[in-house]
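Take a look at the structure below.
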Amino acid sequence: MGLKIAEIFLLVSIFVLPVIVIAAVVWAIVALLKRNKRSALPQAMTAERGRFSTTQKKNAVLRLLEGEELGALSRELGVTVAVLSEWREMFLAGAETHLKSREQEPADDEVLRLKAMVGELMLKNELLAEKSRLSEDNTPGMPLRK
């Protein structure tokens, strides 16, 4: 049995289009990087401190996606290949997550409102408990609690 055109279109849109979109996003990021002529990460800001900012990690990952060799970049930045690979995987996972979209449901707003209300009530409860404890401690003629 042959597939109908609508079935083929559905299969392509489900399986092929997301891959094409991710590839296009990565390509666009690399193109922007080339156009902006990125600078190497300053050695003083990386190896001595031992910590990297989000921007520094992003720039390192973009250099990898641009085709720079993993080992060479690892040596230049003073981090392990495993760390660079982890940054790259996290970066790509974040890009994929942001490509996924779902429409916001009215219940989402209600959930956010209720969560805010619960947080506010918890804070008030803690403040009242502390106020009560302080007033009991300062009441004349009352035995001290231990």
Exclusive hit being surrounded by 11 or more Cβ atoms within 10 Å (Cβ to Cβ), modelled with pLDDT of 75 or more, over 21 Å from Glu76 (Cα atoms) and hydrophobic (A, V, I, L, M, F, W, C), set Val12, Val21, Val61, Val30: Val21
Counting only residues that are assigned to a helix (DSSP H, G or I), modelled with pLDDT of 90 or more and exposed (fewer than 12 other Cβ atoms within 10 Å of the Cβ), how many does segment 76-104 have? 2
Consider only pairs whose beta carbons are under 8 Å apart and that are at least six residues apart or on different chains; among these, list those whose first residue lies in segment 68-92 and is on the phi < 0 side of the Ramachandran plot and without any contact (Cβ under 8 Å) to a residue 60 or more places away in the chain and whose second residue is surrounded by fewer than 13 Cβ atoms within 10 Å (Cβ to Cβ) and small (Gly, Ala, Ser). Glu76/Ala40; Val81/Gly71
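The values are calculated or read from the model by the stated rules, or taken from the named source; none is laboratory data. All values reported here derive from a predicted model rather than from experimental measurement. Cβ sites come from the backbone with ideal geometry, for glycine too, and all protein chains shown count toward neighbours.
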